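The values are calculated or read from the model by the stated rules, or taken from the named source; none is laboratory data. Remember, it's a predicted structure, so these values are computed and weren't measured experimentally. With ideal geometry, Cβ positions are generated from the backbone for all residues, glycine too; neighbour counts draw on all protein chains shown. Remember, those area values only see protein heavy atoms, side chains included, never the ligands or the DNA or RNA. Shrake-Rupley method; radii C 1.70, N 1.55, O 1.52, S 1.80 Å.
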Amino acid sequence: MKKRQLLFLRDTLVFTFTTFGGPQAHIAILLREFVEKRRYITEAELMELNALAQMLPGPGSTQTLIGVAWKVGGLKLAIATFLVWVLPSAIIMGAAAIGYQTFAARGRVEEVLRFLQPAAVGIVAYATVVFAQKFLKTKVHTWLAISSLIATLILRNPYAFPLLILLGGIISSALETQPAEDALRTKLYANVNPNKVGYFLGILLFFAALGALINRTSPFSLPVRLFENFYRNGILIFGGGQVLVPLMYTEFVELKHYLTEAEFLSGYALQQGLPGPTFAFTSFLGAISLGNNGYGLWGQILGSVVAVVGINLPGLILILFIVPFWEDLRKITRIRNSLSGINAVSVGFMATAFISLMRPFGTNWMAYGVMAGAFLLLYFTKIKTPILIILGIVLGLLF
C-alpha cells in the first residue's frame, strides 16, 4: 500500500510540472493519467469528485486532486498531495514577486511587459467568453450574469460578491428544482444522515465566525488583514481560478491599493505561463502587497505564505470533511441545482474584471490590438497560453 501511495505522489509531482491550461485541462489529464493509465479510481468516481469540487467554494482542480488522494490513501496522502501540488507554483510565484520589485527598480519593467499586460487582458476576455458559452444556457442564466456585471460595476465593493453568489444560487435552485423533485426530496431526506449534514453546515458557520473574528483584529496588522482577505475569498470563490481574478482585482487594486494594475497584470500573465494551480497567483499578490508596504524581503515571504494558506485553507478543509459523506449530501437536490446560478453570476464577475482591466488602456491602440490578437489566437487556434506569454515577453525584449 505504501508503494502505491509513493507512486501516487510521484505521479502528482509530474502532474504539477506538466499541467497547463486551467481546470478544464487539469480534469482531462487526471482522466488520462490517474484513471485510464494508473487506475487509482474509476472514471465515475473522478467525475463525481469534480462535480463536488464545482459545488464547493475554493480551487476546483486542487479539491478534485485531493479527493482522489483521499480515496487512494486517506487523510495523510491527501495532505501530502496538496503540498506537492501547491508548493512548487507558489514558491515560483513568490520568488517572481520578489524579483519583480528588484527588476522594477532598474526601470525596465514597462518595456518588457508592454506587450504582456494587454495579452493578459486578452486571456481574461477569452476565459469570459468560454465560461459564458458553457454556463449561460438559459435566459435566466444570461440575466443573472448581466445583473452581476452591472451590480459589481456600480457597487465596487468586495462584499457585493458573496451576496450576488448567494442570490444566484438561490434563484437557480428555486427555478430548476421541479415540483416532482420537491415531492421526492422529502423521501430522500429520510435517507440522509442529519448529523453529517449538520456537521457540514457547522463547518461553514465556523468559517464565517472565524473570518469575522479575524476581520475585527485586522486593523492592527497588515499580514493579518491580508490573511482575512484571502481567507474570505477562499470561502466565496466558485468556479476556479478564472473567478479569482475579478475578486482579487477589485479588492486589492481598486479598493485597497495594495498593488498597482501593472503589478497585478504582470503576476497574472506570469501565472498563466506556469503549470500547476491557478490559485498560486495569490502567492504573487501577497508578496507584492507586503513588499509595497515596506515589509522587506522577509515580509514578502510572509505575504506569500499568508496568501497561499489563506486562499486554500477553506477549500482544503471542506473537501477533506465532505468527501467521506458526499453520498449523503448529493441527495439534496437544491444543493446541486444552485450551481448553475452561481456559475452564471461568476461569468458576470469575469466580465467586470475584463472591463476594469481594459479601462487604463485609454487611447493606447497598440494595447487594444495586442489584447484582441491574444484573444483571437486563443479562441481560433490551438496556441496554448504559456506560448502566448513567452511570445509577449520576447516581443517586449526585442521592441
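Pop the C-beta distance of LEU397 and LEU31 into the FRET formula with R0 = 41 Å and round what comes out to the nearest 0.05. Here the calculated transfer efficiency is 0.60. With the convex hull of the Cα atoms taken as the outline of region 55-94, the averaged projected area works out to 3.1 nm².
In order along region 3-14, phi translates into HN-Hα couplings of 4, 5, 5, 5, 5, 4, 5, 4, 5, 5, 4, 4 Hz, rounded to whole numbers, per the Karplus curve 6.51 cos²θ - 1.76 cosθ + 1.60 with θ = phi - 60° and x for Gly and Pro. Take the Cα of LEU87, step 7 Å toward its Cβ, do the same at ILE150, and the gap between the two points is 4.9 nm.
Heavy-atom accessible area for ARG4, with the other protein chains in place and a 1.4 Å probe, reaches approximately 90 Å².
For the set MET248, MET358, the ranking by accessible area, highest first and with no ligand, DNA or RNA atoms included, is MET358, MET248 under a 1.4 Å probe. When all protein chains stay in place and ligands, DNA and RNA are ignored, the 1.4 Å accessible-area order of ILE387, ILE171, largest first, is ILE387, ILE171. Taking LEU226, LEU398 and ordering them by how much accessible surface each has at a 1.4 Å probe, largest first, produces LEU398, LEU226. Heavy-atom accessible surface of region 231-296, averaged per residue, reaches 21 Å², computed with a 1.4 Å probe. Separation of the alpha carbons by more than 19 angstrom is noted, of LYS137/LYS384; LYS37/LYS76; LYS3/LYS37; LYS2/LYS71, for LYS137/LYS384; LYS37/LYS76.
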